[in-house]
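Worksheet: one structure, shown below.
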Amino acid sequence: MTGTELLMNITPQESRVALVENGILTELHLERSRRRGLVGSIYKGTVCRVLPGMDAAFVDIGLDRTAFLHASDVAPVEREELCNNGEAPRRNESISQLLREGQELLVQVIKDPLGTKGARLTTYVTVPSRHLVLMPNQSNIGISTRIEDDTIRSGLRENMETLRAELAPEHGFIVRTAAELADRGALRNDVLFLKKLWDTLKENAANCAAGQEIHADLPLVLRILRDMVGVELERIRIDSRETWQRVCEFAERYIPELNDRIEHYPGERPIFELFNVEEEIQRALERKVELKSGGYLIFDQTEAMTTVDINTGGFVGHRNLEETIFKTNLEAAQAIGRQLRLRNLGGIIIIDFIDMQDDEHKRQVIRALDRALERDHAKCQICDVSPLGLVEMTRKRTRESLEHLLCEPCPTCGGRGYLKSAETVCYELFREILREARQYDARELRVLASQSVIDLLLDEESSSLAELQEFVGVPIRFQVETLYQQEQFDVVFI
């Protein structure tokens, strides 16, 4: 496979979309029918708690957990509703001045619930189309920074200012990257479509109760096509005929240039298996990422941040140690850019490159990382190499990572990634027997534990066990509990 392709695997329970560049999986998006992503959805919410100390409020939008709204995400409309003293609304009001408990307001999800945190909200509601983003009740025109040609930017701004004045003077718009080659007619159609959609949303909001969804974003397969701006797609393969027809109809209306590239895949062999996507997904869930040179990366994801450690592994190089380290770090920078997109890692990311002495090498590694992130749709910001050789960066996080979407914490270790050794559990058991024997009189003690712990007790720790039994003066019997994890045990008095 060469070029850039989208592979869509559709089942009634789940939709998966893989972006494959030159035969390598670089992005994976999935949506399950039981748990659709909420980003972009608009709700009528009720402020249920105002938190002055956090300068934020909790808002009930009908989900299991209340959502979070910070004062900085309260739009001017809400500010003006509460500023009735004739003064212009200020940007530094506290949350208590902006919102009150029981107040109803229109909110939009900007971050899905992540871990134990509820969804993040804003009242700066936006509604996207193919070429534009509508910003209700605002007055500015924005142009995507990815449109770099000044002449094109000026022409788009001029067209949009005219269309706005003519059709929607009460709203603002952002011109998306996809509009770079759009003519005035296409922009006009989008303005009319968005204005009509917003009027419908307002009417629905006025007639529904709080805690209800007013508007949901497009389903995954259509949303990906709409948002896949700046990507030259050679082919889009879909393994569901029904979805293929739906995508063709959507493309005919909004993205006609993609029509001849959309194909239905009728093969018996699963499409993700045919193009090795399933294998790549499994690798993306592992901590260790092998590099072609023999080096490797270690990814550790915590709630606060993600750390990436680079090791030379079996790479010995051909010249000297500094050159070996430099080549490993260069290869690692490229691999990290791909892995961050594939694993959808966000928030604070700390990269521990192997220490380099040459300042020029450090600059080249940072440039390589920067280039690797150029195709990333999420906003990234990279800092320089610290004195400790660490690179701090951030990547915008709006959805759960691939690991959190596909996995759950291990029930045995509780997500720690390790267990107490059988030896440690044996010594804990000895202490428990001593403690219990001092408190209670018993004719016999029975120890219930896992197979590995009891095997160790009766083998390597048999002499210690005999000393303990002589000390407490009570017979000790053992019983293997097959359902017990290695850390579990019970001491029963008979």
Does the stretch 43-59 contain any residue that is closer than 20 Å to W198 by Cα, in contact (Cβ under 8 Å) with a residue 12 or more places away in the chain, out of contact with any Cys (no Cβ under 6 Å at 6 or more places or on another chain) and assigned to a loop (DSSP other than H, G, I, E, B)?
no
Where residues in the stretch 35-58 are open to solvent by 20 Å² or more (accessible area, probe 1.4 Å) and within 18 Å of the chain's Cα centre (by Cα), which of them is nearest to S72 (Cα to Cα)?
V39
Only one of L218, L258, L222 that is modelled with pLDDT under 90, of a type outside the set (S, T, N, Q) and within 20 Å of N344 (Cβ to Cβ)
L218
Starting from the stretch 410-422, keep only residues that are free of Cβ contacts under 8 Å to residues at least 40 places away in the same chain, then list their pairs with residues that are surrounded by 12 or more Cβ atoms within 10 Å (Cβ to Cβ) and not in a helix (DSSP H, G or I) whose Cβ atoms are within a distance under 6 Å, requiring at least 6 positions of separation or different chains.
C413/L419
Could you figure out which of (1) touching a His at 6+ places or on another chain (Cβ under 8 Å); (2) modelled with pLDDT of 95 or more isn't true of L7?
(1)
Scan the stretch 448-466 and report the pairs whose first residue is more than 17 Å from L483 (Cβ to Cβ) and whose second residue is open to solvent by 50 Å² or more (accessible area, probe 1.4 Å), with Cβ atoms within less than 9 Å and a gap of 6+ or a chain change.
L456/E423; L457/F478; L458/F478; E460/E423; E461/E423; E461/Y427; S464/Y427; L465/L458
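Residue check: is T394 out of contact with any Leu (no Cβ under 9 Å at 6 or more places or on another chain), within 16 Å of S293 (Cα to Cα) and among the hydroxyl-bearing types (S, T, Y)? Reasoning before the result, please.
Values: out of contact with any Leu (no Cβ under 9 Å at 6 or more places or on another chain): yes; within 16 Å of S293 (Cα to Cα): no; among the hydroxyl-bearing types (S, T, Y): yes.
So T394 does not fit the description; no.
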Touching a residue at least 40 places away in the same chain (Cβ under 8 Å), of a type in the set (G, A, S) and open to solvent by less than 40 Å² (accessible area, probe 1.4 Å) - does that describe any residue in the stretch 347-362?
yes
Are any of the residues in the stretch 304-322 open to solvent by 60 Å² or more (accessible area, probe 1.4 Å), out of contact with any Pro (no Cβ under 7 Å at 6 or more places or on another chain) and at pLDDT 90 or above?
yes
For V17, the lone unmet condition from (1) within 27 Å of Q339 (Cβ to Cβ); (2) modelled with pLDDT of 90 or more; (3) in contact with a strand residue (DSSP E or B) (Cβ under 7 Å, 6 or more places away or on another chain); (4) open to solvent by 10 Å² or more (accessible area, probe 1.4 Å) is (4)
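The values are calculated or read from the model by the stated rules, or taken from the named source; none is laboratory data. A quick note: this is a predicted structure, and the numbers were derived from the prediction, not measured. Cβ atoms come from the backbone with ideal geometry, glycine included; neighbour counts cover every protein chain shown. Ligands, DNA and RNA are stripped out before the accessible areas are found, and what is left, the full protein with its side chains, is counted by its heavy atoms. Shrake-Rupley method; radii C 1.70, N 1.55, O 1.52, S 1.80 Å.
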